[in-house]
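To start, I am sharing the structure in question, which I have written as structure tokens.
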Amino acid sequence: MKCAKFYECVEEKIGGVFSSYGRFVSRHAWKIIIITVIVNAGLGVGMLKLKSDIDTGNVYYPTGSQARKDKAKVEGIFPDLSGSNYNSLQLTEEAQWARVIVRSKSGNLLKRLELEEVQDIAEHILNITATDENGAAIEFSDFCAITHTQCAVEGDLFWDTDFLLAVDNDNVTYPEFTTTKAGTQSYVSDIGGKQTFDATGQYLTGVEFIKISFTIRTDGSIFEDKATKWVDKFNEYMDTYTSNRLDLAYGHFKSLDEELDKNVSGDITLFSITFTLMITYACFTTLSSRCTDQVGQRMMLGFAGIFAAGLAILTGFGFCAAIGVEFVSIVGVLPFLLIGIGIDDMFILLSGLSEAQTKTTVEDKMAETLRISGVGITITSLTDLIAFMAGAGSSFVAVKNFCIYTGVTVIFCYINNVTFFASCLAINERRVEGNRHFLTCRRIKTKEQLSNDGASTNVVMCCGGTPPTNRNEAEGYLDRLPRWLVPKIVLKTPFKVIIIFLFIGYLAAAIYGCIHMKQGLLLTNLVNEDSYFYKYSKWDEEQFPRQTPVSFVIHGSYEYSKSQTKNMIDNLISETHSNKYFDNVFKVNWLESYGNSVHYDNVSETAFITGVYKFITDPRYSRFENDVVIDSTNQSITASRVYVLSAKLDDSQDEGKMMLEARAIADAATINCFAFSPYFVAFEQYVAILGQSLQSVGIALAAVFVITCIFMPHPVLILFVTIAVTMIMVGVFGFMFYIDVTLSAITMIHLILSVGFSIDFTAHICHGYMISRSKTREERVSSSIDKTGAPIFHGAISSLLGILVLFWAKSYIFRTFGIVMSFVLLFGITHALLLLPVVLSWIGPLRHNSVEKKQSMTDIKQK
């Protein structure tokens, strides 16, 4: 009971502050509107500085990861030789490339005519010419990676004379790891899909897919600039190519970034539909139940609410751009979402205004409106903000920037609602007080007066009206639906039992989904399905084996001429071969190859190093040139590296586990080394995303707990809100499994958003319960639904309308966002309007008697 009394005291104090502010708004409405618009416009100018970050690796892979640190170390140890002695194993970042995946329409590429056409395509690509800003020609040879003085083309084996002859004679023996015509070693299979063999299993008789890669050197930005212009011409050629025999998919190193750039601005058409739906819904819900009364209509307030939300979005974006927060592709969904969030507070304020209609003056009405609604919108805005700011600490730039944009915009939504929209309420009430028409603002007569004056029925209907005198007259039809329907369900014992069992089933299904949730973000999920790159990335992911070369970088001074050093390296490789995540045969070991060469000399360390120089300058072994680092005195080897290959992994989960296994093997090795692959930068997301998601969500939940303690300081209430929010989040997390959505930087955003939306719904219903003056639990539940049911219902529907059109978006990210946020909204509203009322009707706290007496005395004095 003391807790209830304390709660009422806090509510009274905070409500008193908002009441005073409401009176201030009533007296200075126009000034506040002008100042708000000027401030918003000034901050919105920051949109001119808007910059986009479309680098996939930077946006969707974690920054500051171990892989990025290891990458910096490798780059500091080994020089980039892609312009003179390219070796795909020695890359420190994912290669720059242009690729073509070929599939025969007959189902088998091992036919001379098909392979000769593949050769013809490759030769045309090699002869593509672009031009720079000065009109100079740019050819592939100007920027290609070089191996054995030739451009590196992986896959040229397939039109080699000997290979074609083997195809003719049906005796193709294609090894997984081979050497191309130009001498480029291919360490991962260039064939994909189904492969068939003869009865002996020795000869390859059928291949479904092959991949041809045109590799670009990475040892200077000038080469990337030239390649960027060249790939545009590459796209043009591939886009117009047609064949009766072959089906093609293509892409290049800029494809994904370009597709993300297309998604940055979102779908303008869809946003136009969203905005139209929002305006329609806002106007319809603010339509008074006295449809023909032209004084009490509040349709223009619907427009004002939409304008306030739209202004907040532009201002938030402009402010973020001004402070240097870059725009990332996922932020493109924000206008769809925030236009819904922005008008949630509008419905709460309108609900408060409806209850305040019993007051006589505009100033008293505004004081009562802000007293009733101020705490509610402050709670939800604060919890939204802190939840989003929890995500702003993420190492994923996509999550970080999205949360910053959302958090800042939520601030401006709140500010605009308590300034601009609240002032619009005051101005509207002065219009109503003066008996003015809602559209023309001209003074009009009552319907009775017009009838007595002999006016026509149409004139009476369109030009007559009186101010509303109570809540029922001020509200619209949809405002009455929740308080009429929901109590009939949640206050009947049979329905209560059914609701509880349904939620138990919901929770069980959600927990199962959480346990089986997968992690990772596929490239196909980042591009539109009608993009040329979607087809390429889908084929690449689904038809070719998941195998990744991994290097073990040995650093520190060792005497490589000693058998102990060789044994430590051999043991390191053996450990990987015995691990299920690695191929048990493949290895590239310069020391072993050197030991088998004619140049080997281990009489002394000096003789050993002299032999190494001869070894790496021998054309037969030049591929090892960048695997050994000798100090400036030529007296010792300071670093070296050897390579292994992952097994054929099933999915991204295994890729993350393989990376961790490689690091564990390196840590346990007797020689000082670390494991590295340029693909580890991407794989980091698979192992980092769960921890970061739990951390961000944990911080958000803690914030919800603290804010609830401040504004609703009752232990039972705090417990209910926290449990409800947790259940909603578990549901969102778990049900992603059933729609085949993996945990990634994108879905981390969903989880953070779910905290904000969950508290919006649950806090309103609990807050309404606690401020109810009724005595029994069921009466208080009914009162709570009566006061907050309409804002919760409208908030959910308006937000749902905001993201509903995303179901038809071309982008997978946008569609997934729409689906998952629908889960958030549906779970949120069902917890708020079904589960919590049932629980509160059974074990909700009762009202404190002394507070009830105090309130009664206050009411008597006011009368």
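Looking for something closer than 28 Å to residue 333 by Cα, open to solvent by 60 Å² or more (accessible area, probe 1.4 Å) and at pLDDT 85 or above - is there at least one such residue anywhere in segment 282-300?
yes
With the requirement that a residue be in contact with a Leu (Cβ under 9 Å, 6 or more places away or on another chain), hydroxyl-bearing (Ser, Thr, Tyr) and closer than 18 Å to residue 218 by Cα, what does segment 75-127 give you?
Of everything in segment 75-127, just one residue is in contact with a Leu (Cβ under 9 Å, 6 or more places away or on another chain), hydroxyl-bearing (Ser, Thr, Tyr) and closer than 18 Å to residue 218 by Cα, namely 82.
Something else now. Surrounded by fewer than 18 Cβ atoms within 10 Å (Cβ to Cβ), assigned to a helix (DSSP H, G or I) and of a type in the set (Ser, Thr, Tyr), is that true of residue 613?
When the stated conditions are applied, residue 613 passes them.
Right, here's the next one. What pairs can you find where one residue is in segment 88-108 and closer than 14 Å to residue 210 by Cα and open to solvent by 10 Å² or more (accessible area, probe 1.4 Å), the other is of a type in the set (D, E, K, R) and assigned to a strand (DSSP E or B), and their Cβ atoms are less than 9 Å apart, with a gap of 6+ or different chains?
Final answer for the pair search is 99/154; 99/211; 103/208; 103/247; 105/247; 107/194; 107/208; 108/208.
Then there is this: So the check is Cβ under 8 Å with 6+ separation or different chains; which pairs have a first residue in segment 806-826 that's part of a loop (DSSP other than H, G, I, E, B) and a second one that's open to solvent by 10 Å² or more (accessible area, probe 1.4 Å)?
From residues that are part of a loop (DSSP other than H, G, I, E, B), the pairs are 809/267; 809/270; 809/815; 810/267; 810/528; 810/529; 810/530.
Additional query: Of the conditions (1) surrounded by fewer than 20 Cβ atoms within 10 Å (Cβ to Cβ); (2) within 30 Å of residue 698 (Cβ to Cβ), residue 388 fails just one. Which one is it?
(1)
Which of the residues spanning segment 590-609 are closer than 15 Å to residue 573 by Cβ and charged (D, E, K, R)?
Listed by number, the list holds a single entry, 592.
While we're on this one: Cβ-Cβ below 6 Å, separation at least six or inter-chain, first residue in segment 34-50 and on the phi < 0 side of the Ramachandran plot, second polar (S, T, N, Q) and surrounded by 14 or more Cβ atoms within 10 Å (Cβ to Cβ): which pairs?
36/419; 40/315; 43/315; 44/315
While we're looking at this one, here's another question. Counting just the residues of segment 199-239 that are free of Cβ contacts under 8 Å to residues at least 40 places away in the same chain and over 34 Å from the mean Cα position of the chain (by Cα), which one comes out least open to solvent (accessible area, probe 1.4 Å)?
201
Here is a further query. Please state which one of 826, 800, 835 is of a type outside the set (S, T, N, Q), open to solvent by 10 Å² or more (accessible area, probe 1.4 Å) and at pLDDT below 85.
Unique residue meeting the criteria: 800.
Here is a further query. State all residues of segment 313-327 that are in a helix (DSSP H, G or I) and under 20 Å from the mean Cα position of the chain (by Cα); if no residue qualifies, say none.
The answer is 313, 316, 317, 320, 321.
Hey, which of the helices (runs of 4 or more DSSP H) in segment 402-477, taking only ones fully inside, have at least 2 residues that are open to solvent by less than 10 Å² (accessible area, probe 1.4 Å)?
By residue number, 422-433.
Counting only residues that are of a type in the set (Gly, Ala, Ser) and in a helix (DSSP H, G or I), how many does segment 26-84 have?
10
Residues that are within 23 Å of residue 750 (Cβ to Cβ) and of a type in the set (S, T, N, Q): does segment 329-344 have at least one?
Yes: segment 329-344 contains one or more residues that are within 23 Å of residue 750 (Cβ to Cβ) and of a type in the set (S, T, N, Q).
Which one is farthest from the chain's Cα centre (by Cα) among residues in segment 651-675 that are assigned to a helix (DSSP H, G or I) and among the charged types (D, E, K, R)?
Only one residue fits best here, namely 667.
What's the number of the only condition in (1) at pLDDT below 85; (2) over 25 Å from residue 770 (Cα atoms); (3) among the hydroxyl-bearing types (Ser, Thr, Tyr) that residue 360 fails to meet?
With respect to (1) at pLDDT below 85; (2) over 25 Å from residue 770 (Cα atoms); (3) among the hydroxyl-bearing types (Ser, Thr, Tyr), residue 360 is out only on (1).
For segment 778-816, give me the residue count where each residue is of a type in the set (A, V, I, L, M, F, W, C), out of contact with any Ser or Thr (no Cβ under 9 Å at 6 or more places or on another chain) and more than 19 Å from residue 479 (Cα to Cα).
Residues that pass the stated criteria total 3.
Is it the case that some residue within segment 124-131 is modelled with pLDDT of 90 or more, open to solvent by 60 Å² or more (accessible area, probe 1.4 Å) and of a type in the set (Val, Ile, Thr)?
yes
So that you can scan it fast, the table gives a plain yes or no per residue for (1) in contact with a Ser or Thr (Cβ under 8 Å, 6 or more places away or on another chain); (2) within 21 Å of residue 305 (Cβ to Cβ); (3) open to solvent by less than 10 Å² (accessible area, probe 1.4 Å); (4) of a type in the set (Gly, Ala, Ser):
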site: 360; (1), (2), (3), (4): no, no, no, no
site: 369; (1), (2), (3), (4): no, yes, yes, no
site: 378; (1), (2), (3), (4): no, yes, no, no
site: 381; (1), (2), (3), (4): no, yes, no, yes
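Also, I was wondering about something else. Check segment 831-843 and report whether any residue there is farther than 19 Å from residue 500 by Cα and either in a loop (DSSP other than H, G, I, E, B) or not aliphatic (A, V, I, L, M) (or both).
There is no residue in segment 831-843 that is farther than 19 Å from residue 500 by Cα and either in a loop (DSSP other than H, G, I, E, B) or not aliphatic (A, V, I, L, M) (or both).
A follow-up question, please. In the set 302, 310, which member is in a helix (DSSP H, G or I) and in contact with a Cys (Cβ under 6 Å, 6 or more places away or on another chain)?
Going through 302, 310 in turn, the sole match is 302.
Could you please give the count of residues in segment 482-497 that are surrounded by fewer than 14 Cβ atoms within 10 Å (Cβ to Cβ) and not in a loop (DSSP other than H, G, I, E, B)?
5
Would you confirm, using the coordinates I've provided, whether residue 340 is part of a helix (DSSP H, G or I), open to solvent by less than 10 Å² (accessible area, probe 1.4 Å) and touching a Phe, Trp or Tyr at 6+ places or on another chain (Cβ under 7 Å)?
Taking the combined requirement at face value, the residue does not satisfy it.
Quick one: which helices (runs of 4 or more DSSP H) lie wholly within segment 505-595 and hold at least 1 residues that are crowded, with 18+ Cβ neighbours inside 10 Å, at pLDDT 90 or above and over 38 Å from the mean Cα position of the chain (by Cα)?
Once the helices (runs of 4 or more DSSP H) in segment 505-595 are filtered for at least 1 residues that are crowded, with 18+ Cβ neighbours inside 10 Å, at pLDDT 90 or above and over 38 Å from the mean Cα position of the chain (by Cα), what remains is 563-577, 590-595.
The values are calculated or read from the model by the stated rules, or taken from the named source; none is laboratory data. No experiment lies behind these values; they were computed from the predicted model shown. As a convention, Cβ positions derive from the backbone with ideal geometry for all residues, glycine included, and neighbour counts pool all protein chains shown. In case anyone asks, the SASA skips ligands and DNA or RNA and just uses the protein heavy atoms, side chains included. Shrake-Rupley method; radii C 1.70, N 1.55, O 1.52, S 1.80 Å.
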